Each structure stands twice: as structure tokens, then as C-alpha cells.
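The values are calculated or read from the model by the stated rules, or taken from the named source; none is laboratory data. For clarity, every value in this text was computed on a predicted model and none was experimentally measured. Heads up, the Cβs are rebuilt from the backbone with ideal geometry, glycines too, and the neighbour counts pull from every protein chain shown.
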Amino acid sequence: MTAPDPLTLRELTDWSYAGSALAVLGHPIKHSISPAMHNAALADLARENARFADWRYFRFEVHPDDLPRALELLHTKQFHGVNLTVPHKMLAFDVIAEIDAGARPVGAVNTLLRTDQGWRGFNTDGYGLASALKENLGLALTDRPIILLGAGGAARGAAVECLQQGCRSLAIANRTPANLQSLLLALAPLAHGIDVRGFDPSAPPPDLPASSLVINATSAGLRETDPLPVDLRRLPQPAAVFDMIYNPATTPLLRAAAAQRLPYANGLAMLVHQGAKALEIWTGIPAPRTAPLMTAAAHAAMASRTGHS
Ligand code: NDP
């Protein structure tokens, strides 16, 4: 009998895989291309080093109410590492044994490493974002004015990365003002003199800086019918637009950027680089070694999904 995909808590309870297992947990998880990326990289590593021959990466559908039980079971069943995606990144922060110093200001973890005591949590999303911006747009966050759209988990990770990399200024817009205010409050101790402000995306103030990098960290654009997270024509000429969404590959925001002849990129490279950094945490193999393979696997997985060759 073939195992269901995605796997569930039921399969985890009866887990018997004897090799080194890794897993991604999410709700929903069916859309995740992380197994394709990680298993391609692991297969390649195994060709050079037999220690990776039995490493496999699995995906599990886990309801948020079941997350503590799932993490406990994964530890008992000797899983070596775990990735967390929506909606688990912030929930896990409060239930794991240890938080890496880099993940503490973000308040969310996307990568867990097994220790004898439990799970140690890391956040590789900021690394993924910075690497993708460099690779796709040739841009660094350092000394760059940033216009960030969104105030959820991904926006928070991006904002912390922007501040830690020394962006010139950070202007954040969000649909729900209360969520924007709580993000601004959380960021205040990390600003260290950098100008951080909030604004209403439906009424951008006229004094926003030109040549900014616009980063979409909202989920507006996942569906074709979603509204634009901001009207780019109402911003002073940006330097480039980055959308964290990668499926669909082209969002209405990216189409608007193309219409204005602005450089733009979607979130696929961010997904790849956060994944390569997670694999580095688990295996000790530097992320730049596995990222090209993971990129090829991610593109192949996306193409097979959309029916293109
Ligand atoms: P959250 O649910 O934590 O936050 C969602 C954000 O989107 C909130 O700011 C919310 O605003 C806003 N939003 C939702 N719907 C709309 C809408 N119709 N119009 C305007 N704003 C809207 O999600 P995450 O922060 O975890 O993820 C955000 C996006 O980033 C997702 O699309 C996710 O796929 C992507 N992502 C990509 C990654 C990558 O590696 N490429 C990594 C992480 C995330 P409000 O406060 O008003 O509800």
C-alpha cells in the first residue's frame, strides 16, 4: 500500500523509516514544493557522501491545534530536522525548547534542529530574502529605502532583516491598521536610529522616498481576483519591486511593475535560499553549494504544476 501524500499525524504515530528523516509541516501543505527541492539536493549530496544516502524529506499536513503533539512525536521518532510553514512559524516559537539568537527578534521560526533536549529553532527567511534580492535584482538592503507591504509573519521577518542589514529607511503599509501598529511597536527597539514609519496603503504619503525597494509580504496576489496591495503609480519612482509570492509566478503587482518598466522578481528564489540555509543547519553543507540544485528542482516542480515543460 502506498503512503498518502501529504502524510498526517496518523502516519507519524506509526513511523518506521530507519534513515535520517526531515519534514515540513503546514496547513495546508499540499502546495509545498520543499520536498522536491530538498530531496533533489539530498540525492546529489549522497552521490558524493554516503552519509546522506538515507536522508529523506517528507511533508505532513498538521492542523495548528496538533502542532505541539506533532513536534513531540517527530522528536520521539528521531527526526533530524523540521521546516515550518503557514500557520506554524509563530506558534512553534512558544513551544520549542530553544530559540537561536537570530530568530528571537523575528518572533517566528521556520527551521528546527533536533537536540537531546528538544527542538532548537532558527529563522532562515531573512537570509532567503536578502539572497534572492541580490540574485534576482542585484540589490542589497543596506542603505536602501524600503517600502514594505504587509504586517504578518513574513513582513515581520523581512522588516527585522531590513533593519539588521542597515536599510536607509523603512516605510510599512498594511490593510488593517491595528496589525500595522503592533508590528511598528515590535520593531521600535530594533530601529537603532533608522526611520521606521507606517502608512495607509490606500493613501501613500507624498514624502515617501524615491528609488525605494518595494517588497510585497502580503498574501494579496495569491488569487487573480485579489486587490493590489498598493498602487505603484502613487509611489515615487521605485528602484524595483519584489513579491514574496511565487505561485502564481506573476502577480497583479508584478504586472503593474512591468507596465511601469520597473525591475521585478517573484518569491521563488527566496523560497530556494531559505531552504538551502535550512539544509545547511541540518547537514553542515554550505547553502551556496546546494542552492543551484534546489533552484533547478523548484523550477521543475513549478513547471510540472502549471503544465509547462
Ligand atoms: P500572514 O497571514 O501572517 O499575513 C498576511 C498579510 O497579508 C497581512 O499583512 C494581511 O493584512 C495581508 N493581506 C492578506 N490579504 C490581503 C488583501 N486581500 N489585501 C491586502 N492585504 C492582505 O501571512 P505570511 O506573512 O506568513 O505570508 C504572506 C505572504 O508571503 C504569503 O503570500 C506567503 O506565501 C508569502 N511568503 C513567501 C515566502 C517565500 O519564501 N517566498 C516565505 C514566507 C511567506 P491584514 O493585517 O490586514 O490581515
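Couple of notes before you dig in:
- Scanning region 208-245 for residues that are more than 24 Å from residue 167 (Cα to Cα) and either in contact with a helix residue (DSSP H, G or I) (Cβ under 7 Å, 6 or more places away or on another chain) or not hydroxyl-bearing (Ser, Thr, Tyr) (or both) returns 220, 221, 222, 223, 224, 226, 227, 228.
- A count restricted to region 174-190 and to residues that are touching a strand residue (DSSP E or B) at 6+ places or on another chain (Cβ under 8 Å) and of a type in the set (Gly, Ala, Ser) stands at 1.
- Test: residue in region 154-165 that is of a type in the set (Val, Ile, Thr) and either over 19 Å from the mean Cα position of the chain (by Cα) or outside any helix (DSSP H, G or I) (or both): no
- Pair list, Cβ < 6 Å and 6+ apart or interchain, from region 230-253 residues that are in contact (Cβ under 8 Å) with a residue 12 or more places away in the chain to residues that are of a type in the set (Ser, Thr, Tyr) and surrounded by fewer than 16 Cβ atoms within 10 Å (Cβ to Cβ): 239/211
- Residue among 171, 140, 203 that alone is away from the ligand (no atom under 12 Å from the Cβ), in a loop (DSSP other than H, G, I, E, B) and more than 24 Å from residue 103 (Cβ to Cβ): 203
- Only one of the listed residues (213, 222) is surrounded by fewer than 23 Cβ atoms within 10 Å (Cβ to Cβ), at pLDDT 95 or above and within 19 Å of the chain's Cα centre (by Cα). That residue is 213.
- So residue 269, is it near the ligand (Cβ under 10 Å from one of its atoms), small (Gly, Ala, Ser), under 25 Å from residue 163 (Cα atoms) and out of contact with any His (no Cβ under 9 Å at 6 or more places or on another chain): yes
- Residue within region 67-83 that is over 25 Å from residue 36 (Cβ atoms), in contact with a Phe, Trp or Tyr (Cβ under 6 Å, 6 or more places away or on another chain) and surrounded by 16 or more Cβ atoms within 10 Å (Cβ to Cβ) present: no
- Screening region 152-168 for residues that are touching a strand residue (DSSP E or B) at 6+ places or on another chain (Cβ under 9 Å) and either closer than 18 Å to residue 211 by Cβ or outside the structural domain of residue 231 (by TED's automatic domain parsing) (or both) and picking the one that is farthest from the ligand (Cβ to nearest atom) gives 168.
- Tallying residues that are assigned to a helix (DSSP H, G or I), closer than 18 Å to residue 286 by Cβ and not small (Gly, Ala, Ser) within region 18-58 yields 9.
- With respect to (1) modelled with pLDDT of 95 or more; (2) out of contact with any Phe, Trp or Tyr (no Cβ under 8 Å at 6 or more places or on another chain); (3) in a loop (DSSP other than H, G, I, E, B), the lone exception for residue 96 is condition (2).
- Just one of the listed residues (256, 188, 210) is in a helix (DSSP H, G or I) and away from the ligand (no atom under 16 Å from the Cβ), and it is 188.
- Test set (1) in a helix (DSSP H, G or I); (2) within 15 Å of the ligand (Cβ to nearest atom); (3) crowded, with 16+ Cβ neighbours inside 10 Å - residue 198 fails condition number: (1)
- Any hit, region 108-123, residues being assigned to a helix (DSSP H, G or I) and either within 15 Å of the ligand (Cβ to nearest atom) or within 22 Å of residue 33 (Cα to Cα) (or both): no
- Among the residues of region 92-128, just one is crowded, with 17+ Cβ neighbours inside 10 Å, over 14 Å from the mean Cα position of the chain (by Cα) and within 16 Å of residue 27 (Cβ to Cβ), namely 92.
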